[in-house]
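Engineer: Quick one: the structure is below, questions incoming.
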Amino acid sequence: MKYGTLILHNGHELDPHTGALSIPIYQVSTFHQHDIDNLGKYGYSRSANPTREAFENTLAVLENGTHGYAFSSGMAAISSSLAILDQGDHVVATEDIYGGSYRILTCFFNKFGLTTTFVDMTKLENLEEAIRPNTRAVLMETPSNPLLKITDIVGVVGIARKHGLLTMIDNTFMSPYFLRPLDLGVDIVIHSATKFLGGHSDVLGGAVITKSEELASRIYFVQYGFGAVLGPQDCWLLLRGIKTLRARMELQQQSAMEIALWLKRQSWVSSVYYPGLSDHPGHEIVKSQAAGFGAVLSFETDTLERAKRIMKQVKLWSVAVSLGGVESILSYPVKMSHATVPPSERERLGITDNLIRLSVGLEDADDLIQDLDPNH
Ligand SMILES: Cc1ncc(COP(=O)(O)O)c(C=O)c1O
């Protein structure tokens, strides 16, 4: 079966009790037990809920894993994955990772003795050099945020395995439609389902997928114990969003490419970061490991005034945090996703005041281009 079909027919699309083509929203916290000596499959919605289960199983299939877990946000999914590690453990993470992930590692997990070294993961030797005797995990994000740097996933997995490290990846930008990291040997895939999986800017959610029984039980322990589970209504919205994942990803990517090529031709644009461009340093790697380039790109204007003018003039683009919706979103990393990263660190990473990130939606690309054009 081809992937586009699998999105809609994966064994979890029908309500097993009624045959309904939309999984009902089991808006319930607890379940009656008919036989106290033989408890039913469902006991309490924090441990399991049929709507959540349908969403979790769907994602497990789409990521080619065996176990999926849904969380109340992408950050809850990332935090709960990191919570399977122990006090004293060390993590190596992509340096221009999502700002929230940077914050939780440097301002929260550090309090419990989990330390992190951030490296430019595009150079595998940086990862090798950062590994210490107490390193236990590598956390990747590719394309990275907001500069769209590409990590060689197979290269990282090779190094991690040599040193006995767990590999985790934030696959939010690509979605399983374009990238399935478990197939490349990654241990744990994490999503902010708020973005492309949901696709409509109307729900927060997160997910973790693995194909290891042992890791699954450690993640489930945190999901159930910590309790940052996703509610049934939100699971339903995500199940509904996933049905159109292929159509959205294809069209949004096509427009992202058109916009990236247009930006490249503008004299007031100093850099364009989009892995789909043939001169992007990670272009060949992304082609070898993924089926597409995604619909997020960023660019730098020649002056701060011009960046501000664009953010003020746009009428079709929302100026907002987040990405992955059917509506195009323009965001300003220094004041939004990366506001918590210290200015000196941002400067070192190349996240400048003139940098604008675009999440391309389903509007006509010509209209989006006209709306962005400061000369229009
Ligand atoms: C790559 C990435 N990972 C994780 C998150 C966090 O997800 P959420 O906002 O659903 O908690 C975001 C949010 O922007 C993100 O862009």
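Values quoted throughout were computed directly from the atomic coordinates according to the rules given, and no laboratory measurement underlies them. These figures come from a predicted structure and were not determined experimentally. In this analysis, Cβ positions are derived from the backbone assuming ideal geometry, glycine residues included, and neighbour counts consider all displayed protein chains.
Engineer: Expressed as cubic angstrom per residue, what is the convex hull volume of the alpha carbon set of region 229-294?
Structural biologist: Per-residue hull volume (Cα only) is 135 Å³.
Engineer: Turning to a different aspect of this structure: Can you give the Kirkwood hydrodynamic radius for region 114-238, in Å, rounded to one decimal and based on Cα pairs? Display every interim value, and only then the final one.
Structural biologist: Numbers: mean 1/r = 0.0639 Å⁻¹.
Result for region 114-238, one decimal place: 15.6 Å.
Engineer: Restricting to DSSP H runs of at least four residues, report the calculated mean residue ellipticity at 222 nm for the chain, -39500 (n - 2.57) per run over all residues, nearest 500 deg cm²/dmol.
Structural biologist: Value at 222 nm, helices only, nearest 500: -10500 deg cm²/dmol.
Engineer: Going by amide H atoms built from the backbone, whose H comes under 5 Å of the H on Ser201, apart from near neighbours?
Structural biologist: HN-HN under 5 Å from Ser201: Val326.
Engineer: Compute the orientation-averaged projected area for region 36-77 from the convex hull of its Cα atoms and round it to one decimal in nm².
Structural biologist: Working: hull surface 14.6 nm².
Directional mean of the projected Cα hull area for region 36-77 stands at 3.6 nm².
Engineer: Using the Karplus equation 6.51 cos²θ - 1.76 cosθ + 1.60 (θ = phi - 60°), what ³J(HN,Hα) coupling, rounded to whole Hz, does each residue of region 279-291 give in order, writing x for Gly and Pro?
Structural biologist: Once θ is set to phi - 60°, the couplings for region 279-291 become 9, 5, x, x, 4, 5, 5, 5, 5, 7, 10, 9, 9 Hz.
Engineer: Still on this structure: Would you mind pulling out the separation of the Cα centroids of region 33-94 and region 136-177, in Å?
Structural biologist: 21
Engineer: Using modelled backbone amide H atoms (1.01 Å from N, in-plane), which distant-in-sequence or interchain residues come within less than 5 Å of Thr117's amide H?
Structural biologist: Residues meeting the criterion, in which the H sits 1.01 Å from N, are Val91, Val92, Ala93.
Engineer: Sorting Ser101, Ser278, Ser175 on the 10 Å Cβ count, fewest up front, what's the list?
Structural biologist: On the way: Ser101 23, Ser278 7, Ser175 26.
Final ranking by Cβ density, sparse to dense: Ser278, Ser101, Ser175.
Engineer: Another one. Given points 7 Å out from each Cα along the Cα-Cβ axis, report the Asp279 to Asp120 separation in nanometres with one decimal.
Structural biologist: If labels sit at Asp279 and Asp120, their model points lie 1.9 nm apart.
Engineer: In Å and whole numbers, how far do the C-alpha atoms of the chain stretch along each principal axis, longest first?
Structural biologist: Principal-axis extents of the chain (Cα, largest first): 74, 50, 36 Å.
Engineer: Near Ser212, within a Cβ-to-Cβ distance under 12 Å, what is the net charge of the other residues, with Lys and Arg +1 and Asp and Glu -1?
Structural biologist: Numbers: positive: Lys211, Arg218; negative: Asp187, Glu213, Glu214.
Here the count lands on -1.
Engineer: What percentage of all Cα-Cα pairs in region 188-228 are separated by more than 11 Å? Can you show the working numbers first?
Structural biologist: Numbers: 544 of 820 pairs.
Roughly 66 percent, once rounded to a whole number.
Engineer: What is the fewest-to-most order of Tyr273, Tyr44, Tyr220 by other Cβ atoms lying within 10 Å of their Cβ? Please list the in-between numbers first.
Structural biologist: On the way: Tyr273 24, Tyr44 12, Tyr220 16.
The fewest-first ordering by Cβ neighbours comes to Tyr44, Tyr220, Tyr273.
Engineer: Consider a paramagnetic label point 7 Å from the Cα of Phe108 along Cα→Cβ; state which residues of region 326-340 have an amide N under 17 Å from it.
Structural biologist: 337-340
Engineer: Now a separate question. May I ask you to work out the translational diffusion coefficient for region 218-376 at 4 °C, viscosity 1.567 mPa s, via Stokes-Einstein with Rh from the Kirkwood sum over Cα pairs, reported in whole µm²/s?
Structural biologist: 75
Engineer: What ranking do Thr30, Thr194 get, fewest neighbouring Cβ atoms within 10 angstrom at the top?
Structural biologist: Working: Thr30 10, Thr194 24.
In order of increasing Cβ crowding within 10 Å: Thr30, Thr194.
Engineer: Along its principal axes, what span do the Cα atoms of region 260-332 show, with the longest given first and each in whole Å?
Structural biologist: Principal extents (Cα only, largest first): 39, 29, 16 Å.
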